[in-house]
Amino acid sequence: MGLEEKLPSGVLLTTVEGVAGYFRKASFWPATFGLACCAIEMMTSGGPKYDLARFGMEVFRASPRQADLMIVAGRVSQKMAPVLRQIYDQMAEPKWVLAMGVCASSGGMFNNYAVVQGVDHVVPVDMYLPGCPPRPEMLIDAILKLHDKVQNTPLGANRQAQIRELEAEGLVALPTSDMKGLLR
């Protein structure tokens with residue numbers, strides 16, 4: 001019972017965006033940015049027990065020019081923020097960022113002048129992974145959710161229209177300082 005038996009006359013129809021999304025999601029090359037204890041969990045997920053190679057991610061790249069996924073694992077200090085941004089700028093398009101751990105997501109327990117209160121102040125984040133430190137299973141789950149996001153990302157003119165729409169939504173959004181409810 002193969003694929004050819006399920007298709008009428010052996011014809012398979014899809015879109016260029018669908019094929020490109022499939023190939024993109026199956027070939028992430030992460031640029032590691034391990035800054036604290038979360039980096040140990042990230043390294044564990046690449047080991048034989050959890051095996052990120054199943055998802056085409058066995059090659060953690062040391063060069064940002066060869067990477068398309070930045071995993072920021074741990075707290076980002078004010079001194080490290082410009083370096084993080086420089087590495088992000090050197091990555092090839094399309095690129096994605098995964099904030100691993102509560103310190104990368106929101107500064108964690110380090111609410112002081114030396115630690116950036118969320119890596120999204122430095123680079124745009126596509127996926128937030130909570131936990132202190134998050135387990136390797138959680139990282140793999142976040143990567144699989146990012147795969148779904150990448151699979152459905154439009155290309156070309158459709159992508160430009162999506163970016164314009166998201167920017168317009170961001171401009172009319174209520175500032176955090178004006179929000180009421182659970183924030184105060």
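The values are calculated or read from the model by the stated rules, or taken from the named source; none is laboratory data. Not measured: the values here are computed from a predicted model. Cβ placement follows ideal geometry from the backbone for every residue including glycine, while neighbour counts extend to all protein chains displayed. Note: areas computed on protein heavy atoms with side chains; ligands, DNA, RNA excluded. Shrake-Rupley method; radii C 1.70, N 1.55, O 1.52, S 1.80 Å.
At-a-glance table
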{"read-out": "Residues of the range 35-57 classified as open to solvent by less than 30 Å² (accessible area, probe 1.4 Å), in a loop (DSSP other than H, G, I, E, B) and either in contact with a strand residue (DSSP E or B) (Cβ under 8 Å, 6 or more places away or on another chain) or over 21 Å from Cys132 (Cα atoms) (or both), total", "value": "3"}
{"read-out": "Close pairs from the range 90-106: first over 16 Å from Arg24 (Cα atoms) and open to solvent by 40 Å² or more (accessible area, probe 1.4 Å), partner not hydrophobic (A, V, I, L, M, F, W, C) and not in a helix (DSSP H, G or I), Cβ under 6 Å, at least 6 apart", "value": "Val102/Gly108; Val102/Pro130; Ser106/Gly118"}
{"read-out": "Top-ranked residue in the range 58-96 [being of a type in the set (Lys, Arg) and not in a helix (DSSP H, G or I); ranked as nearest to the chain's Cα centre (by Cα)]", "value": "Lys95"}
{"read-out": "Filter pass, Leu174 being modelled with pLDDT under 85, open to solvent by 50 Å² or more (accessible area, probe 1.4 Å), not in a helix (DSSP H, G or I) and not acidic (Asp, Glu)", "value": "yes"}
{"read-out": "Residue list for the range 118-132, filter: at pLDDT 85 or above and either assigned to a loop (DSSP other than H, G, I, E, B) or more than 19 Å from Tyr88 (Cβ to Cβ) (or both)", "value": "Val122, Val123, Pro124, Val125, Asp126, Pro130, Gly131, Cys132"}
{"read-out": "Where Ile143 falls short, out of the listed (1) in a helix (DSSP H, G or I); (2) open to solvent by 60 Å² or more (accessible area, probe 1.4 Å); (3) under 24 Å from Ala20 (Cα atoms)", "value": "(2)"}
{"read-out": "Any hit, the range 118-126, residues being loosely packed, with under 13 Cβ neighbours inside 10 Å and more than 27 Å from Gly56 (Cβ to Cβ)", "value": "yes"}
{"read-out": "Residue in the range 147-164 that is crowded, with 17+ Cβ neighbours inside 10 Å, at pLDDT 85 or above and closer than 15 Å to Ala73 by Cβ present", "value": "no"}
{"read-out": "Residue in the range 20-28 that is open to solvent by 30 Å² or more (accessible area, probe 1.4 Å), part of a loop (DSSP other than H, G, I, E, B) and either at pLDDT below 85 or in contact with a strand residue (DSSP E or B) (Cβ under 7 Å, 6 or more places away or on another chain) (or both) present", "value": "yes"}
{"read-out": "When residues of the range 29-38 are limited to those that are within 18 Å of Asp68 (Cα to Cα) and modelled with pLDDT of 80 or more, the one farthest from the chain's Cα centre (by Cα)", "value": "Gly34"}
